[in-house]
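Enquirer: Sharing a structure here in structure tokens format.
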Amino acid sequence: MKNKGKSSIIALNNPDHGLSSYIAPAKDLFVPNKKGDYLEDIRRKITPTWLLIPLVTLGMTVVGAIWTVKQPAIYQGRFQLLLDNPLTPVNKEREDTKIDYATQVQVLQSSSVLKPILKQVEAQYSDLDYSTLITGKESPLTIEQLSGTKIIEVTFTNTNPRKIEGLLDHLAQSYLNYNQKQTTVKKPAEMTFVNQQLAQLQQQISQRQQQLEKLRQEHNFLNPQQKSQELSQLLQQLQALDFETQVKRKETEAIYDLLQQKLELSPQEALAASILSESPRYQAILNELQNVEVELAKESARFLEDSPVIQGIKDKKANLLLLLEQEAQKNLGNQANTDISLQSSGVSPSSLRLSLQQQLVETESQMAVLRVRQTAINEEIQAVKAKIAEMPLLERQYTNIQRELTIATENFNRLMATSQQMQLEAASQKTVSWQLISPPEVKQMPIYSQLIQNMSVGAIFGLLLGIVMANIPIKNEQ
């Protein structure tokens, strides 16, 4: 206690607290019963020395600011893109249409997006490349989402305002083009596959339809089973007609033989007799010839063969025969012959005989017609049988083609429904075009990107320097 009157140690600056110790004489610090003088003495001792700290700190801060301002001017430009419908709150977006802004920012500043854009302006801005814009230590190009908004802001800093404006204009347009491509309805892999299958199935359906049409046209049917039934019915009808024709032909042949026996004429002779019976002159000569023959028979009973009367009658008969032959030649043409004429001269032109002759001619014609008909029927029967024989093969071909067509059509309809459903789903998905709400704009005033940093460094350095300078007088005084 007795030492207190001599001296005291005042901890003005404790080294443990970043301060220095100052030892003052007790006579200077403690004056009994004078409290005001004590405080004044402390203020007088402290103020001149420690005012250096804020002054030096302020000075170094100003030096840092001045040094920063004297650096080359740096300009900044920016534009803003709205990526979604502004009427939809950010926190109420539908889950299936919610935009991942962080991912979108990474995509926009990725090399796959930026490098093609920078390549387009490479001739104008050769010093700009992806590594210096994005991956450098101090990236001059920044892309970020404005907090709590649907807006992406793109910022670019450079010493050349024109370069900033040119690059930002190109970036803005390129990003809008990129969004246009992305928002264009793109078919996913499933839809592409479905459409490819639809095209193949459509081609298969067309081919099968053409095959069916060709098969139907070549074989003249719509349905092979129905065609088989029609051919079977036709074959039965033809066979029945063939049987009927055979029966009728046999009947006609029997009638022909009977008429030929009665008339003792061939069909040619019967035809000739029929023609001559219709000639009035021939019949007149024939009647006169018959009368001469009757007269010759009567006179032969009275006169000898060589008598003039008999010879006159015979000459008359010969003349009539000559006239008869000439008339027959005239009516029959090439069909006329002496045998027919001579035989006909002795045949009475009765109506019954003429009828039989006409019937013989008609019967012979009917026989010829029936022979032709039966030949045609037999040929048709063979053709129908051949068609019936090939119908099983045609039915198998038709069935196979029809089955393939049915399967292809069913698959096509099913895939078409799937495609339509996928299109509806794609159409229901929300696709919003980006909007350039703030066009590229370059600030007229330059910015100093490290102003605060340099001022902070200057302040810290000034504070330390001020403390050091404040301690120098104290140490000298000690």
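Enquirer: State the extension gain, in nm to one decimal, for the chain segment bounded by GLN124 and GLN311, taking 0.36 nm per residue of separation less the distance between their alpha-carbons.
Expert: Details: separation 187, 0.36 × 187 = 67.32 nm, distance 14.79 nm.
Answer, rounded to one decimal: 52.5 nm.
Enquirer: What's the extension gain from GLN246 to SER355 if we count 0.36 nm per residue and subtract their Cα-Cα distance?
Expert: Details: separation 109, 0.36 × 109 = 39.24 nm, distance 2.60 nm.
36.6 nm is the gain from fully extending GLN246 to SER355.
Enquirer: What order, most packed first, do the peptides 408-415, 286-293 have when packing is the mean number of other Cβ atoms within 10 Å of each residue?
Expert: Values: 408-415: 14.9, 286-293: 16.8.
Highest to lowest by the protection proxy: 286-293, 408-415.
Enquirer: Do any of LYS115/LYS150; LYS119/LYS163; LYS262/LYS317; LYS115/LYS443; LYS163/LYS443; LYS181/LYS443 go past 21 Å between their Cα atoms, and which? Please report the intermediate quantities before stating the final value.
Expert: Working: LYS115/LYS150 25 Å; LYS119/LYS163 15 Å; LYS262/LYS317 28 Å; LYS115/LYS443 26 Å; LYS163/LYS443 13 Å; LYS181/LYS443 31 Å.
Violating the 21 Å limit, Cα to Cα: LYS115/LYS150; LYS262/LYS317; LYS115/LYS443; LYS181/LYS443.
Enquirer: Students often check this: by mean Cβ neighbours within 10 Å, which of 385-398, 299-312 ranks highest, and how do the rest follow?
Expert: On the way: 385-398: 14.2, 299-312: 11.4.
Packing order, densest peptide first, comes out as 385-398, 299-312.
Enquirer: Under a crude label model (7 Å from the Cα following the beta-carbon direction), how far is GLU190 from THR406 in nanometres?
Expert: 3.0 nm
Enquirer: Would you calculate the separation in nanometres between label points at SER206 and LEU176, each defined as 7 Å from the Cα along the Cα-to-beta-carbon direction?
Expert: Placing both labels 7 Å along Cα→Cβ, they lie 4.2 nm apart.
Enquirer: Determine the gain in length on full extension of the stretch LYS262-ALA368; use 0.36 nm per residue of separation and subtract their C-alpha separation, reporting nm with one decimal. Spell out each step's value before the answer.
Expert: On the way: separation 106, 0.36 × 106 = 38.16 nm, distance 2.10 nm.
Fully extending the segment from LYS262 to ALA368 adds 36.1 nm.
Bear in mind that the values in this text are calculations on the coordinates, not laboratory data. In this text, all values refer to a predicted model and were calculated from it rather than measured experimentally. Cβ: placed from backbone, ideal geometry, glycine included. Neighbour counts: every protein chain shown.
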